[in-house]
Amino acid sequence: MSGAGSVPPQLATLARSLRTSSLRDLFATDVGRADSLSRTLSLGDCELFFDFSKQLVTTQVIEALFSTAHERGVFDVRKQMIAGEAINHTEGRAVTHVAMRAVSDSTAPASLRALAEVSRREVRETVQQTPAHNTHVVNLGIGGSDLGPALLCDALAAMRPPQRSVRFASNIDPLDLDRAIEGLDPRHTIVVVCSKAFGTTETLANARRAVAWLKAGGVSNPGAQVIAVTSQPDRVAASGLPVGRVLSMPESVGGRYSVSSAVPLAVALGFGLDALHDVHDGMRLVDEHFVGARDADNVPLILGLLWWWNTAVLGHTSVAVVPYSRALALLPAYLQQLIMESNGKSVDRDGRPVAVSTPVVWGGVGTNAQHAFFQMLHQGTQVVPCDFVGHSAGLGASHSDHDTLVANMIAQSQALAFGVTADEVGGAATLRAHRATPGNRPSTTLLFSRLTPRALGALIGTYEHATFVEGVMYGVNSFDQWGVELGKHLAARVAADINGTVGDATSTAAGAIRATDASTTNLVARHRQWRNGR
Ligand code: F6P
């Protein structure tokens with residue numbers, strides 16, 4: 001296929017030659033493969049073993065991917081990002097999530113380090129000044145203002161006792177907030193309203209309801225219990241919400257990259273400042289590795305290139321992320337936003353159509369996923385490369401059960417890679433075709449020695465940088481998200497139709513869609529009819 005970001009001939013040739021080979025052959029002919037295609041990264045309090053030997057690649061492919069990455073400007077754009085240049089060109093913004101975890105002796109420009117220092121100070125002061133009798137925190141936010149903090153809290157809860165309980169409400173579905181506040185005492189609850197834009201319908205609606213709940217619960221000064229995190233402090237004032245404290249986040253930090261900003265305030269309130277610092281330390285370690293390690297050792301670089309290889313070159317259109325860890329159960333949801341909101345684009349930076357498929361990411365937690373969608377992974381007609389994530393030290397009460405968990409993860413990667421032929425499977429001849437599994441299905445395993453807050457940060461940082469690498473390989477702008485805008489505008493108009501009020505006529509894009517298409521009209525009419533009966 002020609003067009004922006006099309007596959008270079010050398011990689012296309014290598015991919016063709018691999019079609020006549022298999023992971024069985026590749027392991028049989030290269031006894032050193034498992035070692036040459038794996039790396040170990042030291043993270044201070046733990047280590048990460050990154051095994052990509054079960055990917056359908058050779059050292060020649062990896063070398064060719066590195067050259068393509070150089071040609072496509074991965075390293076130049078990385079430099080521009082670190083220097084704070086406006087690489088998010090469609091929004092005229094720099095991209096500073098990496099700078100947010102920079103420390104005073106880092107090489108980041110002083111202006112960017114200052115952003116990080118403001119954020120750290122604001123979070124620290126807020127945590128220190130929050131009275132201990134406020135024993136509950138409810139985080140209101142959606143997308144990046146929810147998924148990162150929720151993932152961190154869920155994972156940290158497995159590692160240390162919480163100092164406050166933290167709950168999350170993100171959806172406009174009123175049940176979400178109803179459940180989040182159920183059983184809480186409003187007099188002892190801090191509400192964190194997280195919204196970079198502070199105009200997000202869901203978050204503001206939930207914030208208004210949460211304030212009403214505080215007042216109804218006898219809180220006479222709700223402002224003392226409502227904190228906002230935003231890049232738009234003026235909108236906080238204009239919203240009319242009683243907000244006592246506003247923490248800033250730079251416009252240059254994208255919502256899905258906001259784990260290193262003040263957005264995870266709820267995490268620091270719930271699990272302590274040290275926990276959040278450790279997460280950011282892990283991210284910083286990976287930043288230094290991503291910028292400083294040579295290509296051949298660079299874990300996020302290799303991970304991002306493998307995703308691109310599988311999707312753009314081999315044509316496997318989706319990737320499944322399967323953490324074998326209850327603590328990381330929210331990782332697939334977090335990565336769906338990170339990767340698909342970043343790279344789910346069909347034009348490149350110059351507006352030309354992208355020539356190859358951009359990624360679809362999905363997944364679930366192991367072993368549960370084995371009893372749900374793994375049938376398809378093993379025998380379905382589509383090949384879905386997998387990222388397995390696990391940790392050798394368990395966080396639950398049984399070491400032996402944790403060993404079984406890790407055994408399952410390793411066994412799944414083995415079964416996917418090597419399969420079993422009809423001849424090997426044995427048994428009744430009529431069943432052999434049904435019981436055989438084709439194998440040759442690629443996977444990467446990220447095995448941590450222990451899951452610590454630092455490992456968690458390193459994992460998130462690794463995925464952020466891999467997403468960056470993949471985006472540059474596609475030639476897309478990984479930092480905008482125009483695709484979600486039209487739906488937001490149309491929702492406002494449809495809501496107005498439902499309520500019989502005047503809709504949003506301000507969006508040209510929404511205006512271009514006929515307000516009167518028959519299906520939409522029918523659905524609105526049916527809903528109006530049925531809601532009247534509620
Ligand atoms: O869905 C689009 C989006 O803008 C995401 O990028 C973002 O994380 C989410 O909405 C929430 O935005 P905000 O933090 O501005 O409320």
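The values are calculated or read from the model by the stated rules, or taken from the named source; none is laboratory data. Keep in mind that what you see is a predicted model, and the values were worked out from it rather than measured. All Cβ positions, even for glycine, are placed from backbone atoms using ideal geometry, and neighbour counts span all protein chains on display. With ligands, DNA and RNA removed, areas are computed over all heavy atoms of the protein, side chains included. Shrake-Rupley method; radii C 1.70, N 1.55, O 1.52, S 1.80 Å.
With θ taken as phi - 60° and the Karplus curve 6.51 cos²θ - 1.76 cosθ + 1.60 applied, the whole-hertz 3J(HN,Hα) list for the stretch 120-134 is 4, 5, 4, 5, 4, 4, 4, 5, 5, 9, 7, x, 5, 6, 7 Hz, x standing for glycine and proline. Each listed q (0.06, 0.11 Å⁻¹) maps to a log10 I(q)/I(0) for the chain from the Debye sum over equal C-alpha point scatterers, namely -0.32, -1.04. Taking 0.36 nm per intervening residue step and subtracting the Cα-Cα distance, what contour gain separates D45 from A12 on full extension? Using 0.36 nm per residue and subtracting the Cα-Cα distance, I get 7.8 nm. Taking label positions 7 Å along the Cα-Cβ direction at both R526 and I410, the computed distance is 5.2 nm, reported to one decimal.
When the solvent-accessible area of the chain is split by element, carbon and sulfur atoms take up 53 percent of it, the probe being 1.4 Å.
Solvent exposure of the chain amounts to 43 Å² per residue of accessible area, where only protein heavy atoms count and the probe is 1.4 Å.
Only helical runs count toward this figure. For the chain, summing -39,500 (n - 2.57) over DSSP H runs of n ≥ 4 and dividing by all residues gives -13500 deg cm²/dmol at 222 nm. With 0.36 nm allotted per residue and the present C-alpha distance subtracted, the E63-N171 stretch has 34.4 nm of extension available. In this structure the amide hydrogen of R167, modeled in the peptide plane, comes within under 5 Å of the amide hydrogens of V137, V138, N139, none closer than 5 places in sequence on its chain. Taking 0.36 nm per residue of separation and subtracting the current Cα-Cα distance, fully stretching the chain between A518 and D178 would add 118.9 nm. Cα-based count: Lys pairs in the chain below 29 Å, eight or more positions apart or different chains? Taking the chain as the scope, the lysine pair count is 7.
Relative to the longest principal axis of the Cα atoms of the chain, the long axis of helix 9-19 makes an angle of roughly 70 degrees.
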